[in-house]
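The next block holds one structure in the form of structure tokens; read it before the comments.
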Amino acid sequence: MLSQHDNELITKTGPGTPMGEYLRRYWVPALLSRELPEPDCPPVRLKIMCEELVAFRDTNGDVGIVDNYCPHRRASLFFGRNEECGIRCVYHGWKFDINGDCVDMPSEPAESNFKDKVKIKAYPAEDWGGFIWVYMGPAELKPELPEVGYALVPEHHRLVSRRLQENNYVQGIEGGIDSSHISFLHFGLPPVRRDDPNNKTLSNRDGAPHFIVKTTDYGFVYGANREAGDDKYYWRLTPFMLPFFTIIPGGDGNPDERTYSGHGWVPADDENCWMFTYSWNASRPLREGEGHSASHLELEPRTMRSVVNKDNDYGIDREMQRTQTFTGIKDISVQDASIQESMGPICDRTREHLGTTDAPIIAMRRMYLKACRDLMEGVEPDVPRSGSTFRVRSVAEVLDKSVTFDETTERVPVAV
């Protein structure tokens with residue numbers, strides 16, 4: 001469990017908070033590239049780490065992410081005109097470029113130089129791998145863009161999405177690095193029985209995997225091994241890539257030809273997060289219906305919530321739960337959301353009781369707390385600077401028990 005102080009330390013991400021300042025040392029996804037489909041298209045509202053922003057693609061195709069509020073009278077720039085390499089407030093016509101410079105102030109006399117003294121908050125933004133990324137930290141500390149797998153393949157080799165989830169971002173991450181829950185939450189009936197010879201699903205036949213965590217330059221990788229019979233283990237190796245990304249183990253065949261999927265959880269505010277999902281295949285275009293199911297959820301167009309949500313109890317079917325599946329909830333991502341949101345907007349970690357299968361969650365919290373404490377003491381935390389650091393993938397393999405965890409990462413490399 002965590003103390004109330006430590007729980008608040010890792011869950012609060014607004015400007016000036018230790019965790020917020022740490023997360024601002026990274027490039028983070030802000031929205032999908034297709035949400036700004038062409039130059040001078042309508043702007044998009046954003047909320048990231050408690051900051052209200054507006055994104056727009058200018059006449060040159062470059063993306064700007066600026067403060068939502070015009071510095072004149074604080075009108076929202078969401079209603080602005082995106083035209084001629086800038087977004088213009090419709091209240092008095094003040095216009096700002098992607099760097100936040102005021103480039104026109106038609107409400108002031110022509111001879112006035114007042115516009116040269118006015119600037120709006122603006123963050124660097126890049127269109128990369130199907131997402132618009134934003135960097136909100138100190139300019140002198142800006143790292144390279146992360147060379148994540150889905151950004152390194154052609155567009156038709158990947159599928160990306162985002163949706164709103166109504167809980168603190170840490171709850172999403174903790175679900176993403178919890179390999180033990182898949183034996184329960186995401187499987188049908190009966191629940192786990194190790195002695196059932198008909199149970200052929202490797203993730204389901206052993207509900208108590210053994211976990212090993214190894215620190216890496218991108219965060220950590222953890223291995224969960226399950227009994228697979230014939231003196232073998234089923235290994236699932238999951239990378240946790242700072243500050244909040246995962247890649248889900250799974251798939252058959254040659255690792256270089258598999259389709260990989262993963263998630264990132266970007267704080268919108270302290271009680272909501274954006275769940276970014278990505279699927280990709282390095283060797284071929286994705287097939288129809290391929291990719292993680294979160295990419296296919298129907299969303300409420302304005303809120304970007306799943307239409308199956310807490311307001312309708314996530315579509316739970318008690319008869320299905322009794323006779324067919326462990327949860328009675330159909331979609332894997334909805335199953336995850338139902339549990340993570342059920343903990344409340346910010347989980348009370350002072351009342352939890354962690355077990356042996358929670359080792360990755362403990363490792364993640366320790367990393368976060370160390371980074372926060374370093375910043376509070378005036379020490380810059382370790383942040384991966386090179387984009388190539390993030391060239392990693394997950395692993396799912398059956399290997400002899402004689403193969404150690406370190407040998408597993410060597411035989412089936414995590415790095416691509």
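The values are calculated or read from the model by the stated rules, or taken from the named source; none is laboratory data. These figures come from a predicted structure and were not determined experimentally. We place every Cβ from the backbone using ideal geometry, glycine too, and count neighbours over all the protein chains shown. Only protein heavy atoms, including side chains, enter the accessible area calculation; ligands, DNA and RNA are left aside. Shrake-Rupley method; radii C 1.70, N 1.55, O 1.52, S 1.80 Å.
If only residues of region 306-336 that are open to solvent by 40 Å² or more (accessible area, probe 1.4 Å), free of Cβ contacts under 8 Å to residues at least 24 places away in the same chain and outside any helix (DSSP H, G or I) are counted, the one that is nearest to residue 177 (Cα to Cα) is 330. With respect to the stated conditions, residue 13 is surrounded by 15 or more Cβ atoms within 10 Å (Cβ to Cβ), in contact with a Cys (Cβ under 9 Å, 6 or more places away or on another chain) and of a type in the set (Val, Ile, Thr).
The number of residues in region 285-299 being open to solvent by less than 50 Å² (accessible area, probe 1.4 Å) and part of a loop (DSSP other than H, G, I, E, B) comes to 5. Are there any pairs with C-beta distances below 8 angstrom linking a residue in region 36-51 that is in contact (Cβ under 8 Å) with a residue 40 or more places away in the chain to a residue that is among the basic types (Lys, Arg) and open to solvent by less than 20 Å² (accessible area, probe 1.4 Å), with the two at least 6 apart or on different chains, and if so which? Final answer for the pair search is 49/24.
For region 337-356, residues that are touching a residue at least 40 places away in the same chain (Cβ under 8 Å), open to solvent by 30 Å² or more (accessible area, probe 1.4 Å) and part of a helix (DSSP H, G or I) total 4.
With respect to the stated conditions, residue 18 fails to be over 30 Å from residue 218 (Cα atoms), under 23 Å from the mean Cα position of the chain (by Cα) and of a type outside the set (Phe, Trp, Tyr).
So for region 381-388 (the condition being part of a helix (DSSP H, G or I), more than 28 Å from residue 278 (Cβ to Cβ) and touching a residue at least 24 places away in the same chain (Cβ under 8 Å)), does at least one residue qualify? Checking region 381-388: not a single residue is part of a helix (DSSP H, G or I), more than 28 Å from residue 278 (Cβ to Cβ) and touching a residue at least 24 places away in the same chain (Cβ under 8 Å). The residues on offer are 56, 78, and the sole one that is open to solvent by 20 Å² or more (accessible area, probe 1.4 Å) and either in contact (Cβ under 8 Å) with a residue 24 or more places away in the chain or within 19 Å of the chain's Cα centre (by Cα) (or both) is 78.
Within region 389-410, the only residue that satisfies the criterion of being in contact with a Phe, Trp or Tyr (Cβ under 9 Å, 6 or more places away or on another chain), farther than 18 Å from residue 255 by Cβ and assigned to a loop (DSSP other than H, G, I, E, B) is 401. On the stretch given as region 105-144, residues that are more than 19 Å from residue 85 (Cβ to Cβ), open to solvent by 80 Å² or more (accessible area, probe 1.4 Å) and outside any helix (DSSP H, G or I) total 5. When residue 269 is tested against (1) open to solvent by less than 10 Å² (accessible area, probe 1.4 Å); (2) charged (D, E, K, R); (3) within 18 Å of the chain's Cα centre (by Cα), only condition (1) is not met. Within the option set 197, 243, 239, being modelled with pLDDT under 90 and out of contact with any Cys (no Cβ under 7 Å at 6 or more places or on another chain) holds for one residue only, 197.
How many residues are assigned to a loop (DSSP other than H, G, I, E, B) and of a type in the set (A, V, I, L, M) when one looks only at region 358-380? Summing the residues that are assigned to a loop (DSSP other than H, G, I, E, B) and of a type in the set (A, V, I, L, M) in region 358-380 gives 1. Take the residues in region 225-254 that are open to solvent by 30 Å² or more (accessible area, probe 1.4 Å) and outside any strand (DSSP E or B), then tell me which one is farthest from residue 390 (Cα to Cα). Residue satisfying both the conditions and the ranking: 230.
So, of the residues in region 366-416 that are open to solvent by less than 30 Å² (accessible area, probe 1.4 Å) and small (Gly, Ala, Ser), which turns out to be modelled with the lowest pLDDT? Going through the qualifying residues, I end up with 396. Restricting 41, 89, 102, 70 to residues that are over 19 Å from the mean Cα position of the chain (by Cα) and either surrounded by fewer than 16 Cβ atoms within 10 Å (Cβ to Cβ) or of a type in the set (Ser, Thr, Tyr) (or both) narrows the list to 41.
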